[in-house]
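J.: Below is the structure I would like to discuss, written out as structure tokens.
Please treat every number below as a calculation from the coordinates, not as lab data. All values derive from a computational prediction rather than experimental measurement. All Cβ positions, glycine included, derive from the backbone under ideal geometry; neighbour counts span all protein chains shown.
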Amino acid sequence: MKELITDFQGLKSHVKASRLKFHDAVIDYYRMVGEKQGFTALKDSTVIRKAHNFGKLDLVWAEPNIAFVSEFGLPDDIYRHLWRLMVYKPKVAVILLSGNSQCSPRKVKEIVSRTPQLEGIEFLVLDVTAGKTA
């Protein structure tokens, strides 16, 4: 599964060929990859628990229970994504980041490792602009 998610060459080709904005092209790529595997890919899935709306996840592959979130902005903005992941509790959480933004993959990986409430969720932290995992 990890090989599918970390195919940075495929991601780069899709983003280049797409007429979408960078963020939208990245999410569209992972939607397409999931669908090619036969997964139900749900874009902009709302996380609701006990009638409370916690916001949206960028993408969910329903069957293998993998959630994708992206943050290409400020470091403080990652916390809202982590909160949603904590509530949703996917098997795997893929955090898509841009090394060109202020929200560095190294810092996010450190936050995740120091947050005991996120234990039990496997995290993949990806720098999609540099094409590497953190």
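J.: Given the pairs 2/43; 12/89; 21/91; 43/91, which are separated by over 23 angstrom at their Cα positions?
T.: The pairs that break the limit, which is 23 Å between Cα atoms, are 12/89; 21/91.
J.: Hey, if you put +1 on the Cβ of every Lys and Arg and -1 on every Asp and Glu Cβ in the chain, which of 111, 55, 25 ends up farthest toward the positive end of that dipole?
T.: 55
J.: For the residues 110, 71, what sequence is obtained by ranking on other C-beta atoms within 10 Å, fewest first?
T.: Listed from fewest to most nearby Cβ atoms, that is 110, 71.
J.: Measuring from centroid to centroid over Cα atoms, what is the spacing of the stretch 120-134 and the stretch 30-85 in Å?
T.: About 15 Å separates the Cα centre of the stretch 120-134 from the one of the stretch 30-85.
J.: Taking a point 7 angstrom from the Cα of residue 32 along the C-beta vector, which residues in the stretch 1-17 have backbone N less than 19 Å away?
T.: Under 19 Å, as judged by backbone N against the label point of residue 32, lie 3-17 of the stretch 1-17.
J.: Next up: Can you put 58, 77 in order of Cβ neighbours within 10 angstrom, beginning with the fewest? Kindly include the intermediate steps, with their values, before the conclusion.
T.: Values: 58 22, 77 13.
Fewest-to-most ranking of 58, 77: 77, 58.
J.: Further question: Would you mind computing, in nm to one decimal, how far apart the modelled labels at residue 114 and residue 51 are, each placed 7 Å from Cα along Cα→Cβ?
T.: 3.8
J.: Run the simple label-point estimate for residue 76 and residue 130 please: 7 Å along Cα→C-beta, distance reported in nm.
T.: In this crude label model, residue 76 to residue 130 measures out at 2.5 nm.
J.: Hey, got the dipole for the chain? About the Cα centre, +1 on K and R Cβ, -1 on D and E Cβ, debye to the nearest 20?
T.: Roughly 100 debye for the chain.
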